[in-house]
Amino acid sequence: MAIVLGIESSCDETSASVCIDGEIVSNIIANQTIHEQYGGVVPELASRVHQQNIIPAVHQAIAQAKINKKDIDAVAFTRGPGLLGSLLVGTSFAKAFALANEIPLIEVNHMQAHILAHFIPNQHEGDPARKPAFPFLCLTVSGGHTQIVLVKDYFDMEVVGETLDDAAGEAFDKTAKILNLPYPGGPLIDKYAKQGDSKKYQFPEPQIPGLNFSFSGLKTSILYFIRDHVKENPNFIEENLGDICASIQQRIVSILLNKLKKAAEIYHVKDIAIAGGVSANSGLRTSLTDLAKQKGWNVFIPKFEFCTDNAGMIAIAGYRKYLNKDFVGQDVAPLARMGM
């Protein structure tokens with residue numbers, strides 16, 4: 001039996017999880033609400049709240065797993081990418097825990113972990129054993145990253161397309177700010193989009209060569225569109241919120257899926273996965289499912305709790321590394337930027 005404790009602290013969620021022989025038996029996530037009043041994550045505040053949350057989160061994860069801390073065989077932690085101060089809290093805790101309990105330490109790449117969440121059992125609705133077959137493509141979309149990754153094996157991944165500027169999640173959140181919606185705004189755009197007409201307003205699709213993305217131009221066009229319409233009608237946002245959100249969401253989703261479609265054709269891959277916080281977006285999920293029917297793809301979409309930042313994905317990645325005896329020493333340091 002192998003028991004791995006996972007620690008996630010890359011942004012503003014403090015999370016701890018226990019993995020026993022490849023099964024996630026606990027996944028505790030402590031969200032930070034302090035950032036709402038600032039309209040975005042404040043790194044210094046995030047670090048402080050991680051310090052407050054990490055011991056209770058780990059304690060709860062161990063209790064929920066019905067094990068003793070002495071039963072744990074290794075501790076896995078997010079080394080990067082992420083906010084350096086936040087990563088420092090998780091890394092320091094993991095190093096101290098490993099040292100005190102004389103167990104190995106496992107570093108995990110946050111972006112790889114999002115993809116490996118697809119290998120958590122009971123992950124895909126209807127069929128607990130269902131998982132993508134190598135090689136597969138994964139569209140990884142979050143507030144900080146937008147990538148298309150060719151996944152050849154558990155830790156053999158190649159980024160074949162990525163954003164040249166802003167991430168898709170950032171485009172959602174900045175748009176929400178323009179619309180005077182509270183932070184985090186991405187889920188609210190999704191909510192209001194369900195009440196609107198996605199064809200009401202047309203926003204441009206950036207013409208970026210290859211498989212790369214760009215969202216900065218789209219953000220600028222949304223800003224000018226709202227500014228001009230509010231000049232004519234001060235109540236424009238309130239009166240048309242559903243249609244605005246649906247139209248913007250439709251454009252962001254079409255940008256993502258057009259590139260994914262291109263990648264599937266280039267690499268002749270039929271297994272397609274999505275991961276990261278934006279994979280919780282209902283517009284993206286529905287459009288991807290519809291596209292898969294047309295293209296004959298096998299689509300893999302994680303459960304909501306494993307889309308956003310969570311330690312379950314860190315623990316499953318850590319478990320895979322534990323089987324390979326892929327450990328790091330106490331001199332390991334967090335990295336704000338970290339390639340695949």
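The values are calculated or read from the model by the stated rules, or taken from the named source; none is laboratory data. None of the values given here were measured: they were computed from a predicted structure. Neighbour counts are summed over all protein chains in view; Cβ atoms, including those assigned to glycine, are modelled from backbone coordinates with ideal geometry. Side chains are part of the model used for accessible areas, which takes the heavy atoms of the whole protein and leaves out ligands, DNA and RNA. Shrake-Rupley method; radii C 1.70, N 1.55, O 1.52, S 1.80 Å.
Counted residue by residue at 0.36 nm each, then reduced by the alpha carbon distance between them, the extension gain from Thr220 to Ala333 reaches 37.0 nm. Here's how it looks for Ser9: its modeled amide H is under 5 Å from those of Thr78, which are all 5 or more places away or on a different chain.
Under 12 Å from the Cβ of Ile120, count the other residues' Cβ atoms, weight Lys and Arg +1, Asp and Glu -1, and hand me the total. Summing Lys and Arg as +1 and Asp and Glu as -1 gives +2.
Taking a Cβ cut-off of under 14 Å around Pro204, the surrounding Lys, Arg, Asp and Glu residues balance to a net charge of +1, with basic ones at +1 and acidic ones at -1. Distance between the pseudo-spin-label points of Ala100 and Gln294 (7 Å out from Cα toward the beta carbon): 5.5 nm.
Positive contributions from Lys and Arg (+1) and negative ones from Asp and Glu (-1), summed over other residues with Cβ under 14 Å from the Cβ of Leu218, come out at -1.
In sequence order, the stretch 46-63 has phi-based couplings of 4, 4, 5, 5, 4, 4, 6, 8, 5, 5, x, 5, 5, 4, 5, 4, 5, 5 Hz under the Karplus curve 6.51 cos²θ - 1.76 cosθ + 1.60, θ = phi - 60°, and Gly or Pro positions carry x.
Across the stretch 14-27, computed HN-Hα scalar couplings (Karplus, 6.51 cos²θ - 1.76 cosθ + 1.60, θ = phi - 60°) run 9, 9, 9, 8, 10, 10, 10, 6, x, 9, 7, 9, 7, 8 Hz from first to last residue, x flagging Gly and Pro. Of the beta bridges DSSP finds with both residues in the stretch 1-107, what % are antiparallel, to the nearest 5? Looking only at bridges with both residues in the stretch 1-107, the antiparallel portion is about 65 percent. Classify the stretch 73-189 from the C-alpha gyration tensor, please: rounded if a/c falls under 1.5, else prolate or oblate depending on whether a/b exceeds b/c. The shape class here is oblate. Between Lys199 and Val230, how many nm apart are label points set 7 Å from Cα along the C-beta direction? Between Lys199 and Val230, the simple spin-label model gives 2.9 nm. Tilt of helix 311-323 relative to the longest C-alpha principal axis of the chain, in degrees (0 to 90, nearest 10)? That helix lies at roughly 50 degrees to the long axis. Once the 1.4 Å probe is applied to the protein heavy atoms, the chain comes out at 43 Å² accessible per residue. Counting only DSSP beta bridges with both residues in the stretch 126-222, the antiparallel share comes to about 90 percent. Report, to the nearest whole %, how much of the accessible area of the stretch 85-150 belongs to carbon and sulfur atoms, 1.4 Å probe, protein only. Its accessible area is 57 percent carbon and sulfur atoms. Computed packing ranks the peptides 290-299, 139-148 as 139-148, 290-299, most packed first, by mean other Cβ atoms within 10 Å.
Considering only beta bridges that DSSP places wholly inside the chain, some 60 percent are antiparallel. Normalising the average separation of contacting C-alpha pairs (under 8 angstrom, six or more residues apart) by the number of residues puts the relative contact order of the chain at 25 percent. Centre-to-centre separation between the Cα atoms of the stretch 190-260 and those of the stretch 1-32: 35 Å. In this structure, the pairs whose alpha-carbon distance is over 18 Å, taken from Lys177/Lys219; Lys270/Lys293; Lys270/Lys303; Lys270/Lys295, are Lys270/Lys303. Sequentially through the stretch 277-284, phi angles give Karplus couplings (6.51, -1.76, 1.60; θ = phi - 60°) of x, 6, 5, 7, 5, 5, x, 5 Hz, Gly and Pro residues having no value and appearing as x.
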